[in-house]
Amino acid sequence: MALNKLSLSACALVMLIFLFTPCANGMGYEARSFNDQGLEMSRNGSYTEALKLFDQALELDPRSIEILENKAETQYLMGNPQAALDSYEAILDMKSNSSEILYKKGIMLEALGRFNESLIIYETSLEKFGVQYSQSSGRSETSSSNDSTLNDDNVTTFDVEYIKLVFHKGKSLDGLGRHDEAMVCYDQILNIFSKYANSMYDTGYSYLQVGRYNDSIASFDTALTMVPDNPEIWFARAAAYEAIGEHEKAMADYDNVLKLEPLNAEALSGKARSAVTLGDHASAIEAYNLLLSQDPYNIDAWYLQAQSYDSLEQYTDAINCYDQVLALDPLNATAWNKKGRNLDSLGRYSEAIECYDRALQLNPDGLSGLYVADMSSYLFIDEVNSMECYTGSPQFKTDSAHIWYNKGTAFYKLGNYEDAISSYDKVTELEPSFAIVWYDRAKAFDMLQKYDEAVASYSKALNEESCARVWFERGMDLDKLGRPVDAIKSYDKAIKEDPGFSAALYAKASNLETMGRYTEALNTYNKLLEMHPESADIWYRKGIVFDKLGKYEEAISAYEQTLALSPGYKEANFRINIDNNLIKADNAAENMDIKGTDKATMFQIFKGLVLSPLGNNEASDIVVRSINNDDEPQVGSFTVDSVDVWDAKGISYQNIGNYDEAIACFDKALMLDPMAVKVLCDKGSALMEAGMDLWAIECYENAVTFDPSYSPAWYSLGVVSLSTGDTDRALMCFDNVLALEPQNTPAMLQKGRVLSSTGSYEQALQYANAVLSIDPKNSQALCDRGDVYYALERYPDAASSYDTALENDPGNVSILYKQSAAYEKLGQFDRAIGSYDQILAEQPQNTDAIYHKGLALDRMGRYDDAIACYDQLLQLEPSDTLIMGTKAFSFYLRGDYQQALAEYDKVLAIDPTSVSAMYHKGTISYLVSSYKGSISYYNKTLELDPMCVTAWYNKGFIFNVMGQVETAISCYDNALAIDPACTSALYNKRFALYRIGKSEEAEICKQTLESIDPGFEAALKDRGTQFFLPTMYSESLDYQLPARWYPEDNTTSQQQNGSVGYEPLPAQSPSFGPGN
């Protein structure tokens, strides 16, 4: 009894332990449920909800590495790499030896821009490969991580972890600006891929040789994912696609060959063949043109191009091509016949008849055209011509029928086939039962290439009277209409009437062969050979059928018989060589332990399952490590493929300014994945930096077409559209970004800039403020807001915005320039000078800042300091006439007129045509009472710039003072001719006219002046106008006379209105790279 109690107690204890001990095999049921729900939410893009579920799972199982990793990946996907980094750190606290988690930690550091730390992780992780591979290649185990290079000779498999680490090492080096070292990493990966791809190409080529086209395509697919710049692989895959009838894919692959080798003759021929099969004759003609530009003696290309022109009913072009064929091969009866048909179509009947006669005169056995239509009728033309059908003249009951028939026959002989048909129609309306009429009518339709109507007429004839030849000719027309099944039935009728009808047997065999009914075709060729054992052509066709059946030895026997009968039959020799190679390849393939259904795809490669190349049995069982654990959610950023590597290498080239190489790398990535929107955007960025905006736009347009939800593409398209002046499209693009990401502050800023550029300042202000509500310290938003205030002439607000922006970004030269402009508008030149000093603290050799600082000092009356600035610049550029002229102007402002004149003389010694120097010497000469000297300089000024209003005004003013009133009036007239509203010139002219007694004209001037500015004369208070003295330097002399001359009466002084001198730099948005 005691023992039973003890047993029960033990059982109870075991049950309690079982109930309260977590499952050793993983998380508990409830935690698992939360985790699985979180995964589902993450896959749907509901990252916030997913994180809540993962947190609930972690409350139940806080040490679950699986849940923590799922949480980290979700944090990364929602754009929070810092939070993801914290989660990976937590995992490493529990599992410090996990190379996979360490790798992902490196990626997070990369995303945060902490490249030194991520580089240390990757190099540390690569150390094990350095040891492992240095041992295999005979190197010391102490080799550094920088030398950790995979021994990739005769690569058949590779370690994907190694590839990932080397790739991200390159990315980190790029981030540190060590672009050359980064490209070494990318090249190392590409070298490994290249050697592996060569092995896969050999595999695919062997499969192609033995007719295993799908297997060959799978191998070529793998090779091309690694080396997209190898034209041989693209060509081989195109051939495989063509062999299985996938002509669109074949054509695309031939195009890829031509991107790499634009004049590859075989690719051009292949593209043309596929284009013709698809009915795209325009593309075929284009390909033949390129081919013939390289090889103008290619008779086959001329013939096939003619066929395409024929199909497009471009008969003149077709005739030109047939002429080229005949120039190279005058005995080509088919070309003569085809040329005749095209001439017929153009209504050139006499020339057509000459061509037909030439074709009929030629010996059929001497045909040398490779592409001969209706071969059966030429091989056995004597047989067909000797067959009689519907002999004897028709015995019509009516004279009318007889007359119409004779008329139709006459029209036919003249080559007037349409009128012949009309005549035969009259006959059949009167007497429809004569087979010969229907037959002749069919022949006329044949000459017009109207084969449907011809078939119908042949059928009518045969209904009246059966004839083997007519059945044969009907079959030929059905072939031309692409109806081989009906054609075979017609040939069978001909053969039933005449079992020895060789032409019908040959045509039937050809159709059976084309339809893939090889056994029947072989039987038919055998019947022909019983009748014509001497025919090399039939033996050759029999060999082709054996090839299609995979019976290469029998095919070789047939080709050998062909050569025995016709030793010069080059095609047979060529086929024998191919078949011998196929037999060898087939025997090799049978000895290989590889299943025909194996396909090596990039997915398998980068998941770790890599097939060995054909013939490498030792490596066939090797499986390399996978990038991600199959039980974990896959994050694309953790994987690496050839597209990533080529894209990264392109970015490296872009970073060092080598745009041609960068674009070449992006193009290789796009050959692998034409719809890779990130690569398209990266290429667009490189093109934009290279100044090729239109090409950049094309890239971005393709990106948004392929993925309308990819906001970086819309953003970049908006930026480049704005740079090209297309503000409407720019607005549309930024609106699309904001529809996808309403809180996207860069898009808000860009939209605000577009609105500002179109004058919608209030709306632009709203977007700048919207950004600041999200990010109050966003210096760019503060700067943009300042730009809008500046445009609205709210200079205090503009200066305040620039001040705040510089608190967050104190060294930003662009904003400092804008700040100085706002201060100058406020007349706060001392603060503007402070801005220029900050610029010079950042960029001591900034000549623009030194020059504008000098101008501001001039405005403050600190002429000596201004001159010191100009002297500093002249030490760098002693012959810069702009600076010399500005310095001279400072002396003028200081009242040192003689020094000013001396400085302007220095300008004129360098540039005798300096209109500015002449003008200012004229002004200074007046101030030193040299009226004649002043007029002389103004005359020279006006010779160089006759549109200078102030020069005409001042010249008139001096002549007035000198008493030369009429000359003064002439000067004022010249000023008014340029500016009819020039009030000062009108006023002075009026009183000059009074002085010479022309009161009526003076009164007209008065009335005109009052209509323009009624208060002008009153504001003078009987003091008269003044000589115009500029207060700011202008090289272009774009000065304006003041509206009011006496500042004590009006806030607008001469100094403020008298000239338009230095204008601070316009507010400009700093540049940035699109697509990043």
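The values are calculated or read from the model by the stated rules, or taken from the named source; none is laboratory data. Worth saying up front: this structure is predicted, and the values here are computed from it rather than measured. Note that we place each Cβ from the backbone using ideal geometry, even for glycine, and neighbour counts take in every protein chain shown.
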Verdict on Gly752 being touching a helix residue (DSSP H, G or I) at 6+ places or on another chain (Cβ under 9 Å), outside any helix (DSSP H, G or I) and either free of Cβ contacts under 8 Å to residues at least 60 places away in the same chain or more than 30 Å from Ala900 (Cβ to Cβ) (or both): no
Can you find a residue in segment 1031-1045 that is loosely packed, with under 13 Cβ neighbours inside 10 Å, among the basic types (Lys, Arg) and at pLDDT 50 or above? no
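Looking at Ser934, Ser916, Ser930, Ser925, which one is under 25 Å from Tyr863 (Cβ atoms) and in contact with an Asp or Glu (Cβ under 8 Å, 6 or more places away or on another chain)? Spell out how you get there, then give the answer.
Numbers: Ser934 fails: in contact with an Asp or Glu (Cβ under 8 Å, 6 or more places away or on another chain); Ser930 fails: in contact with an Asp or Glu (Cβ under 8 Å, 6 or more places away or on another chain); Ser925 fails: in contact with an Asp or Glu (Cβ under 8 Å, 6 or more places away or on another chain).
It is Ser916.
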Going through (1) at pLDDT below 85; (2) under 27 Å from Thr316 (Cβ atoms) one by one, Gly366 fails only at (2)
Which pairs do you get when a residue that is under 16 Å from Asp344 (Cα atoms), found in segment 311-331, comes within reach of a residue that is in a loop (DSSP other than H, G, I, E, B) and of a type in the set (A, V, I, L, M, F, W, C), reach meaning Cβ atoms under 8 angstrom, with the pair 6+ apart or on two chains? Tyr315/Leu346; Thr316/Leu346; Ile319/Leu346
Name the pairs whose Cβ atoms lie under 6 Å apart, with the first residue in segment 153-164 and under 14 Å from Tyr122 (Cα atoms), the second at pLDDT 65 or above and not aromatic (Phe, Trp, Tyr), and 6 or more positions between them or separate chains? Ile163/Ile189; Ile163/Val640; Lys164/Val640
Checking Phe220 against (1) of a type in the set (A, V, I, L, M, F, W, C); (2) closer than 18 Å to Asp647 by Cα; (3) buried (at least 22 other Cβ atoms within 10 Å of the Cβ), which test does it fail? (2)
Only unsatisfied item for Ser345, checking (1) within 26 Å of the chain's Cα centre (by Cα); (2) in contact (Cβ under 8 Å) with a residue 40 or more places away in the chain, is (1)
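Sort out which residues of segment 920-953 are of a type in the set (Ser, Thr, Tyr), part of a helix (DSSP H, G or I) and over 20 Å from Asp973 (Cβ atoms), and write them in order of number. Full working, then the answer.
Initial filter on segment 920-953 (of a type in the set (Ser, Thr, Tyr)): 923, 925-926, 929-931, 934, 936-938, 941, 950, 953.
This time we only want the ones that are part of a helix (DSSP H, G or I), so: 923, 925-926, 931, 934, 936-938, 941, 950, 953.
Scanning segment 920-953 gives Thr923, Ser925, Tyr926, Tyr931, Ser936, Tyr937.
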Go through segment 682-711 and report how many residues are of a type outside the set (Gly, Ala, Ser), under 18 Å from Ala648 (Cα atoms) and buried (at least 19 other Cβ atoms within 10 Å of the Cβ). 5
Note on Ser1011: of the conditions (1) among the hydroxyl-bearing types (Ser, Thr, Tyr); (2) more than 15 Å from Pro1047 (Cα to Cα); (3) touching a residue at least 12 places away in the same chain (Cβ under 8 Å), unmet is (3)
Might you check whether a residue that is within 46 Å of the chain's Cα centre (by Cα) and either assigned to a loop (DSSP other than H, G, I, E, B) or within 28 Å of Gly752 (Cα to Cα) (or both) occurs anywhere in segment 861-871? no
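Residues of segment 965-985 being of a type in the set (Val, Ile, Thr) and over 20 Å from Leu1020 (Cβ atoms), which ones? It would help to see each step written out before you state the result.
Kept after step one, since they are of a type in the set (Val, Ile, Thr), are these residues of segment 965-985: 965, 967, 969, 978, 983.
Once the filter is applied, which keeps residues that are of a type in the set (Val, Ile, Thr) and over 20 Å from Leu1020 (Cβ atoms), segment 965-985 yields Thr967, Ile978.
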Flag for Ala250 being closer than 23 Å to Leu312 by Cα, out of contact with any strand residue (DSSP E or B) (no Cβ under 6 Å at 6 or more places or on another chain) and surrounded by 24 or more Cβ atoms within 10 Å (Cβ to Cβ): yes
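Would you say Val184 is at pLDDT below 85 and surrounded by fewer than 21 Cβ atoms within 10 Å (Cβ to Cβ)?
Working: at pLDDT below 85: no; surrounded by fewer than 21 Cβ atoms within 10 Å (Cβ to Cβ): yes.
So Val184 fails the test.
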Which listed residue, of Ala335, Ala275, is buried (at least 20 other Cβ atoms within 10 Å of the Cβ), touching a residue at least 12 places away in the same chain (Cβ under 8 Å) and more than 35 Å from the chain's Cα centre (by Cα): Ala335
Checked Cys982, Cys971 against criteria (farther than 30 Å from Ile883 by Cβ, in contact (Cβ under 8 Å) with a residue 40 or more places away in the chain and not hydroxyl-bearing (Ser, Thr, Tyr)); the one match is Cys982
Just to be sure, is Gly608 surrounded by fewer than 18 Cβ atoms within 10 Å (Cβ to Cβ), at positive phi and at pLDDT below 75? yes
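State all residues of segment 112-147 that are hydrophobic (A, V, I, L, M, F, W, C), part of a helix (DSSP H, G or I) and at pLDDT 90 or above; if no residue qualifies, say none.
If the condition is that a residue be hydrophobic (A, V, I, L, M, F, W, C), part of a helix (DSSP H, G or I) and at pLDDT 90 or above, then Phe115, Leu119, Ile120 are the ones that fit.
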From the residues in segment 759-796 that are surrounded by 17 or more Cβ atoms within 10 Å (Cβ to Cβ) and among the acidic types (Asp, Glu), which one is nearest to the chain's Cα centre (by Cα)? Asp784
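Rundown of residues vs (1) touching a residue at least 60 places away in the same chain (Cβ under 8 Å); (2) acidic (Asp, Glu); (3) closer than 30 Å to Val961 by Cα, yes/no style:
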position	(1), (2), (3)
Leu840	no, no, no
Gly854	no, no, no
Arg862	no, no, no
Tyr870	no, no, no
Phe889	yes, no, yes
Arg894	no, no, yes
Ala902	no, no, yes
Ser916	yes, no, yes
Val928	no, no, yes
